Amino acid sequence: MTKHDHSTSRETPPAGIVSTETWESICRQMAEGQYNLLSLWGDDGFVRMAVWDIDANATHIVSLDCPDGTFPSVARHHLPALRQERTIRDLFGLAPLDAPDERPWLDHGKWGVRAPLGQKLPATAPAPYVFLPVEGESLHKIPVGPVHAGIIEPGHFRFTASGETVVRLEERLGYVHKGIEQLMAGADLSHAAKLAGRVSGDSAVACQLAFARAAENARGIEAPPRAHRLRALMAEMERIANHFGDIGAICNDAAFSLMLAHCGVLRERVLRAADACFGHRLMRDVIVPGGVAADIGAKEIDILRGLLEGLQKDFSRLVQLYDNTPSLLERTVGTGVLRSKLARQYAAGGYIGRASGRDFDARRMVNYPPYGDLQFEVPVRADGDVNARVWIRILEVRQSLALIGQLLDGLPEGGISAAVPSAPASGEGFALVEGFRGDIFVWLALGKDGHVRRCHLRDPSWFQWPLLEAVIEGNIVADFPLCNKSFNCSYSGHDL
Amino acid sequence: MKKLLLQGILQRPLTEKAPAADETALADLAETVNRAAKKRLGRSLAIRQVDAGSCNGCELEIHALGNAFYDLERFGLHFVASPRHADILLVTGPVTKNMQEALKRTYAAAPDPKWVIALGDCACTGGLFAGSYAVAGGIAETVPVDLHIRGCPPHPEKILQGLLALLERQQSL
């Protein structure tokens, strides 16, 4: 087992090949809560697994050789691995042995090929997808999606309800699977970075940051200090823009549209400032391997300071509005409770985990630059309901506003990009960064030509979607939009 | 809350002047909007948004159209929950193979006359995702498209210009 201490290690991390016994023992330790699953993915004849060592605050990556095309199921010990395991079978044709669920996940039988990243087998006629059975008196089913009523991404929800109460929700995802991991393979670093920025539109900055850090890790280079600060500036702007959008949308789903209108204005102000300072409203394609592609000057710093001042004033009034509207709190308090035990088991990232007592923030735990030099708190609550997830966002907005102020105050002079060495070299790298939704993990292997051989990008939604199924149980159907919005999982980031 | 509501009445609105309709969009539409449509629909158009595989970036900017700065509804344009209520399908994303059938069904469910707008670079050509085993290409390869709005994602003002071009073209008939 190889260990990577994030704070000191810059060398190429070797992805250690382990025996089946070690693999299984890691799975058992994960089930016992010693490790968190960061990701499980396929590669050419291998399955690879990244785990977070809770005691050591470090990432371990292990690989298992699968010469006969099978591997011992991880989900058999540790259920959070289930959907990734089904995905490995869909994309690589590597079969988990004794898996608790044999159904396909991303493969809906429409691609014209099976195992597109593995043996590329000819497609067979798609079998109908069988939803899990729900038995009992007076139950009815409500199928929703993939095309939903609002302006949102596609996915299918199968509710089983008893009267108004949801007895079971089963999700079916994969509708927006675009084959990004295959498009990454063979791409040069700059093209692959562009793809990373289009994994999940709301997390363009965080995904490109994770990709760039993994690429820098693989090539053994370090972005200059000014680039680190500009990256963090964009990451915090992305965080507050999304949190404003979410807070407004959650309240709107409780029929309190006033909040949506006001939060929409704040969000628009952030996006306009982003456009003025970085040339793109979502700040896409600004973070590149080696550094950043755009610098800011005195004019831009003024714009951002003006933005901060306005936001601080206006946001505190909105927080009061939220907290002083009993009809709104009536809907959010006690709704959609995520138990702390489940949040820990699934290593739920972001506001979902932190609203249910899981104190994890990659900015703090991995402590990647420049966060070690900055003052900030990681808010955590234990109540785990919709209200707690709103409050974590509110508190995080405040922290991010303060962080932006610190970043603007301490912006060092100097270059914004370290040159990626022109001589191509193979290597492996990984990164764990904190997006607005939670921790994003990227693992990258470069071929001898310096192009991407294989890139795995794990959105936080992988471990949040299954929890939504648990959270809605026992709530009324009408509260689903509220629960769903308070999670705001990514479809595209998950489906890839 | 009272204070906020009062300010909303007393302060000047944030809503900005409408941009001019997009010239290229007007040309794009010359063929597709006819007199019969104008007669049947009047000035108000109902939009059904369909994400056929996007990264969600375009959806974020469509959402922005509803904020106080752009205030889409003042033009008589509004989003509806069902394709059966829609005059316009606003489609984003490259069409993934897993969404192709849903898009076809949504198109079939929208009553005539109807227009399809392909929104964003991916919707126009498949964008960076063209050629993937999981992607069927731009929207036009699955359902007929009347108007293309490019961008990654297009600026809300650009989306507004395209939609206004549709309205303008319709009114000039």
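Can you pull the mean other chain C-beta count within 10 Å for peptide B:97-110?
Mean shielding by partner chains, rounded to a whole number: 4.
What Kirkwood Rh does the stretch A:404-496 have if only Cα atoms enter the pairwise 1/r average? Answer in Å.
Numbers: mean 1/r = 0.0588 Å⁻¹.
For the stretch A:404-496, the Kirkwood estimate is 17.0 Å.
Shape verdict for the protein assembly as shown, please, from the Cα gyration tensor: rounded (a/c under 1.5), prolate (a/b greater than b/c) or oblate. Let's see the in-between values first.
Details: a/c = 1.36, a/b = 1.22, b/c = 1.11.
Note, shape of the protein assembly as shown comes out rounded.
Based solely on its DSSP helices, what 222 nm [θ] is calculated for the protein assembly as shown when runs of n ≥ 4 H residues each add -39,500 (n - 2.57) and the sum is averaged over all residues, nearest 500 deg cm²/dmol?
Details: 23 runs with 260 residues, N = 669.
Value at 222 nm, helices only: -12000 deg cm²/dmol.
Ranked highest first by average number of other Cβ atoms within 10 Å, how do A:160-168, A:188-196, A:411-419 line up?
Ranked by mean Cβ neighbours within 10 Å, highest first: A:188-196, A:160-168, A:411-419.
At 1.4 Å probe size, with the rest of the protein present, what percent of the exposed accessible area of chain B is carbon and sulfur atoms? Before the final figure, lay out the partial values.
Details: 3920 of 7540 Å².
Ligands and nucleic acids excluded, carbon and sulfur reach 52 percent.
Given charges of +1 on the Cβ of Lys and Arg and -1 on the Cβ of Asp and Glu, with all other atoms neutral, how large is the dipole of the protein assembly as shown about its Cα centre, in debye to the nearest 20? Walk me through the intermediate numbers first.
Details: 71 positive and 78 negative charges, 270 e Å.
The dipole magnitude comes to about 1300 debye.
Take the solvent-accessible surface of the protein heavy atoms, probe 1.4 Å, and return the percent of it on the stretch A:180-495 that carbon and sulfur atoms account for.
Details: 4840 of 9500 Å².
Solvent-exposed carbon and sulfur of the stretch A:180-495 make up 51 percent of the total.
Counting DSSP beta bridges in the stretch B:46-140, what percent are antiparallel, to the nearest 5? Intermediate values should be presented prior to the final figure.
Details: 2 of 14 bridges.
Of the beta bridges lying entirely in the stretch B:46-140, close to 15 percent run antiparallel.
Mind jotting down the three principal axis lengths of the stretch A:3-122 based on Cα atoms? Whole angstrom, largest first.
Projected onto its principal axes, the Cα set of the stretch A:3-122 covers 46, 30, 23 Å.
Give the average over all directions of the projected area of the C-alpha convex hull of chain B, one decimal, in nm². Don't jump to the answer; show the numbers that get you there.
Working: hull surface 43.6 nm².
Reported value for the Cα convex hull: 10.9 nm².
So, in nm, how far is label residue A:418 from label residue A:103 when the simple model puts each one 7 Å beyond its Cα toward the Cβ?
4.6 nm
Let me check something: with ligands and nucleic acids excluded, how do A:322, A:35, B:107 order by accessible area (1.4 Å probe), largest to smallest?
Details: A:322 0, A:35 25, B:107 60 Å².
Heavy-atom accessible area, descending, gives B:107, A:35, A:322.
Could you name every residue in the stretch A:178-213 that has 40 Å² or more less accessible surface in the full protein assembly than in its own chain alone (probe 1.4 Å, ligands and nucleic acids excluded)?
Listed by number, the residues meeting the 40 Å² cut-off are A:178, A:183, A:198.
Just read off the accessible area of residue A:102 with the full protein assembly in place, 1.4 Å probe, to the nearest 10 Å².
About 110 Å², ignoring ligands and nucleic acids.
When you look at the Cβ of every residue in B:61-73, what mean number of other chain Cβ atoms sits within 10 Å?
The shielding value for this peptide is 4.
Order the peptides A:336-347, A:64-75 from the highest to the lowest mean number of other Cβ atoms within 10 Å of their residues.
Values: A:336-347: 20.4, A:64-75: 17.5.
Highest mean packing first, the order is A:336-347, A:64-75.
If one takes the accessible area of chain B alone plus chain A alone and subtracts that of the pair, with a 1.4 Å probe, what total in Å², rounded to the nearest 100, results?
Separately minus together, B and A give about 4000 Å² buried.
What is the mean number of Cβ atoms from other protein chains located within 10 Å of the Cβ atom of each residue in peptide B:122-128, rounded to a whole number? Please report the intermediate quantities before stating the final value.
Numbers: counts 2, 0, 0, 0, 1, 3, 9.
Mean shielding count: 2.
Hey, could you pull the Cα Rg and Dmax for the stretch B:66-113, both in Å?
In order Rg, Dmax, the Cα atoms of the stretch B:66-113 give 13.1, 36 Å.
Taking a probe of 1.4 Å, how large is the accessible area per residue of chain A, in Å²? List each step's numbers first, then the result.
Details: 17130 Å² over 496 residues.
Spelled out: the 1.4 Å probe surface of chain A, per residue, equals 35 Å².
The values are calculated or read from the model by the stated rules, or taken from the named source; none is laboratory data. Given the structure is predicted, the values throughout are model-derived calculations rather than measurements. A quick note on method: Cβ atoms are made from the backbone with ideal geometry, for glycine too, and the neighbour counts reach across all protein chains shown. Surface accessibility is based on the protein's heavy atoms, side chains included, excluding ligands, DNA and RNA. Shrake-Rupley method; radii C 1.70, N 1.55, O 1.52, S 1.80 Å.
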